[in-house]
Amino acid sequence: MMAGQKKKKQKNSTGRIRLGLCCIFRNEPIRFRATTAKYLLQLGRREQLQKLSSLCLQNSLSLLAALKFLQEKGLGAFRILSPFFPRYTHPAVGYSLSDLPDGEAILSNLKQVKEFRDRHDIRLSFHPDQFIVLSSPRKEVVENARKELEYQAMLAELVGADAINIHGGGAYDDKKITLQRFKKNFRLLPAAIRQRLTLENDDRVYTVADLAPVCDELDIPLVYDVHHHRCRPDGFTVEEATALSRKTWERSGREPYFHVSSPLNGWQGKDPRPHADFIDPEDFPECWKGFNCTVDVEAKAKELAVLELKKKLLI
């Protein structure tokens, strides 16, 4: 049973809101390490694997530390950064855990992560980079996206994450044809990906109105980003878009996932899309307070912003 399936109380007049931290910390001494393919290519294969093993081991320990921080602070979700295993799918320096000298220790740490997640009901998710595009007309782009999603599904299985969230991608001059291509490519994905994949409305191309029919047809949960919706409205109110999103999550018996942000330069600024350091509580939809949901806080101040919002919302 995946996270969010245990409790189905969305129809209650009040509910539990679990706030989520996205990927990294601002002040806490919890760091996730990375490297570049350019650096790795300067090394022999043995040295490459030693370096990668060290990074993966450190990241597995940092993830456990991150979850302990969340549990201590009363936070309920964490978005794991995509390059958790650095350069895992890179064509020249890619690897598997069995290749790494610390492979067994890494797996042991991730088992502890999953056990801690299960024990404290902390929700985990992934949000792959923008280059993960299933709707691309280029076969090599779709194939690379599939490989990256397979990696994230493998990691999601190890740690107990229930959502791998992606965007629709570009319009390629015809959104209708592009979404048909997305649906075709989605159906070709392995079950381990399909059962976790979610779609999110964006602030440039695909709105809730665009994606809701696709989510209904493919039985994909819709992650509703209210900031994106406000930047690119589609005729739905926040309440209506929330209801559409909830419906897609209820079909799978899981708790809805939402995203919230505030504009860096205010709603009257030149471009409202960049995220602010903190969240203005006025930007948090009142209708989200009536049922159980998970809300990722997308703010530059990271854990400081999440904790401040928690305090202001009295949750």
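The values are calculated or read from the model by the stated rules, or taken from the named source; none is laboratory data. Small disclaimer: the values here were computed from a predicted structure and weren't measured. Here Cβ is always computed from backbone atoms with ideal geometry, including for glycine, and neighbour counts include all displayed protein chains. These area figures cover heavy atoms from the full protein model, side chains too; ligands, DNA and RNA do not enter into them. Shrake-Rupley method; radii C 1.70, N 1.55, O 1.52, S 1.80 Å.
The equivalent ellipsoid of the stretch 210-276 has semi-axes of 26, 12, 9 Å, largest first, where each one is the square root of 5 times an eigenvalue of the Cα gyration tensor. Applying both filters, DSSP loop and at most 12 other Cβ atoms within 10 Å, to the chymotrypsin sites (Phe, Trp or Tyr not before Pro) of the stretch 237-315 gives Trp267. Going by accessible surface with a 1.4 Å probe and the largest first, Tyr88, Tyr172, Tyr95 read Tyr172, Tyr88, Tyr95.
The slack between Leu188 and Glu217, meaning 0.36 nm per residue of separation minus the straight C-alpha distance, is 8.9 nm. Whole-percent P(r), the stretch 26-165, all Cα pairs, 10 Å bins from 0: 11, 40, 34, 13, 1.
DSSP assigns beta bridges within the chain; of those with both partners inside it, close to 5 percent run antiparallel. Computed from the alpha carbon atoms alone, the convex hull of the stretch 138-286 holds 135 Å³ per residue. Extension gain, Phe131 to Ala105: 0.36 nm times the residue separation minus the Cα-Cα distance gives 6.3 nm. Across all Cα pairs in the stretch 101-219, the calculated P(r) in 10 Å bins from zero up to the longest distance comes to 13, 41, 29, 14, 4 percent per bin. Taking 0.36 nm per residue of separation and subtracting the Cα-Cα distance, full extension of the segment from Val205 to Gln50 would add 51.6 nm.
Between Phe69 and Leu43, what FRET efficiency comes out of the Förster formula 1/(1 + (r/R0)^6) with R0 = 41 Å and r the beta carbon distance, rounded to 0.05? In this case the efficiency is close to 0.80. Report the Cα centroid-to-centroid distance between the stretch 140-169 and the stretch 249-278 in angstrom, as an integer. Value for the Cα centre distance between the two parts: 22 Å.
So the label point goes 7 Å from the Cα of Ser252 along Cα→C-beta, right? Which residues of the stretch 204-223 then have their backbone N under 16 Å from it? Only 211-223 pass the distance filter. Summed over all non-identical Cα pairs, the Kirkwood treatment of the stretch 233-315 gives a radius of 13.8 Å. The loop-placed trypsin sites (Lys or Arg not before Pro) in the stretch 51-149, going by DSSP, that have at most 14 neighbouring Cβ atoms within 10 Å of their Cβ come out as Arg138. Taking one quarter of the surface of the C-alpha convex hull of the stretch 29-89 gives a mean projected area of 4.5 nm². Residues of the stretch 87-120 with the amide nitrogen closer than 12 Å to a label point 7 Å from the Cα of Leu81, along Cα-to-Cβ, please. Those under the cut-off are 87. Of the three principal axes defined by the Cα atoms of the stretch 267-315, the extents in descending order read 34, 23, 16 Å.
With the convex hull of its Cα atoms as the shape, the chain has an orientation-averaged projected area of 16.2 nm².
The residues of the stretch 175-239 expose on average 42 square angstrom of accessible surface per residue, using a 1.4 Å probe on protein heavy atoms. Seen from a random direction on average, the alpha-carbon convex hull of the stretch 135-177 projects onto 3.4 square nanometres. Sparse packing (at most 12 other Cβ atoms within 10 Å of the Cβ) combined with a DSSP loop state is found for the following trypsin sites (Lys or Arg not before Pro) in the stretch 241-315: Lys270.
Amide H to amide H, with H built 1.01 Å from N, Phe258 comes under 5 Å of Thr294, Val295, Asp296, counting only residues 5 or more places away or on other chains. Distance between the modelled labels on Gln58 and Arg138, one decimal in nanometres: 3.2 nm (7 Å Cα→Cβ projection).
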